[in-house]
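For reference, the structure is listed below as structure tokens.
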Amino acid sequence: AMSRLRVNQQGLSDKNQAAMAQFDDPKAVESFVGLPPRLWDKAATMQKTACSNRITKKARLLVQASVAIEILTFAPMRISNLQGLRLDEHISWQAGRMRINIPRQQVKNDQALDFLLPASVSKRVKCYIDDCRQHLTTKANPYLFPGRLGKPKDSTCLRNQIENTLWNEAGIRLT
């Protein structure tokens with residue numbers, strides 16, 4: 001009954017069109033495309049000069065944001081699917097490249113998601129998993145973006161982390 005009340009809209013909403021208009025500026029595109037490597041460099045510099053564990057954790061969270069942004073760039077999905085990515089269920093490796101596979105039952109639109117990420121992105125994700133992620137959680141947490149008590153990171157927290165990083169580091173506002 002509810003499906004009859006839905007209005008079928010063609011194309012992007014006004015809100016999404018406004019968000020995409022930012023990328024009409026070539027400088028914004030350049031800033032966005034170059035953001036992940038810049039974030040990794042910034043995090044490395046922060047860790048080298050860290051005088052406390054707090055700064056080191058901030059650097060690791062910057063790397064985590066970079067990984068989330070890169071995954072969303074090459075594997076567009078809802079934040080709930082990103083948040084729920086499990087190392088033991090959704091992620092596999094093929095010839096050094098990361099494959100994300102989310103069954104249709106776990107996707108809002110009932111369409112399975114299957115993405116093979118570029119080698120450069122896969123290499124950074126692997127580095128995050130091996131070097132950063134372990135310091136943000138206990139080993140028992142199976143999520144790519146771990147939260148507390150064996151659960152995934154809170155979706156609002158992950159969304160804010162991504163939005164704030166894009167705004168603070170590249171001047172790009174997401175909706």
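The values are calculated or read from the model by the stated rules, or taken from the named source; none is laboratory data. From a predicted model like this one, the values you see are computed outputs, not experimental measurements. We place every Cβ from the backbone using ideal geometry, glycine too, and count neighbours over all the protein chains shown. Side chains included, ligands, DNA and RNA excluded: accessible areas come from the protein's heavy atoms. Shrake-Rupley method; radii C 1.70, N 1.55, O 1.52, S 1.80 Å.
Does any residue of region 80-101 turn out to be closer than 24 Å to Ala140 by Cβ and of a type in the set (Phe, Trp, Tyr)?
yes
If you check every pair at least six apart or on different chains, which have Cβ atoms under 7 Å apart with a residue in region 71-100 that is within 19 Å of Pro36 (Cβ to Cβ) and part of a strand (DSSP E or B) first and a residue that is among the small types (Gly, Ala, Ser) and open to solvent by less than 20 Å² (accessible area, probe 1.4 Å) second?
Pairs that qualify, where the first residue is within 19 Å of Pro36 (Cβ to Cβ) and part of a strand (DSSP E or B) and the partner is among the small types (Gly, Ala, Ser) and open to solvent by less than 20 Å² (accessible area, probe 1.4 Å), are Arg97/Ser122; Met98/Ser122; Ile100/Ala75.
So Asp130 fits all but one of (1) under 17 Å from Leu72 (Cα atoms); (2) out of contact with any Phe, Trp or Tyr (no Cβ under 7 Å at 6 or more places or on another chain); (3) not hydroxyl-bearing (Ser, Thr, Tyr); what number is the exception?
(1)
Could you check how many residues of region 14-41 are under 21 Å from Phe74 (Cβ atoms) and open to solvent by less than 70 Å² (accessible area, probe 1.4 Å)?
14
Let me spell it out: the conditions are (1) open to solvent by 50 Å² or more (accessible area, probe 1.4 Å); (2) at pLDDT below 90, and Ser52 meets all of them except one. Which number is the exception?
That leaves (1) as the condition not met.
In region 107-134, which residues are open to solvent by 80 Å² or more (accessible area, probe 1.4 Å) and assigned to a helix (DSSP H, G or I)?
Lys123, Lys126, Asp131, Gln134
So which residues in region 138-156 are open to solvent by less than 30 Å² (accessible area, probe 1.4 Å), free of Cβ contacts under 8 Å to residues at least 40 places away in the same chain and in a loop (DSSP other than H, G, I, E, B), if there are any at all?
Those that are open to solvent by less than 30 Å² (accessible area, probe 1.4 Å), free of Cβ contacts under 8 Å to residues at least 40 places away in the same chain and in a loop (DSSP other than H, G, I, E, B): Asn141, Gly147.
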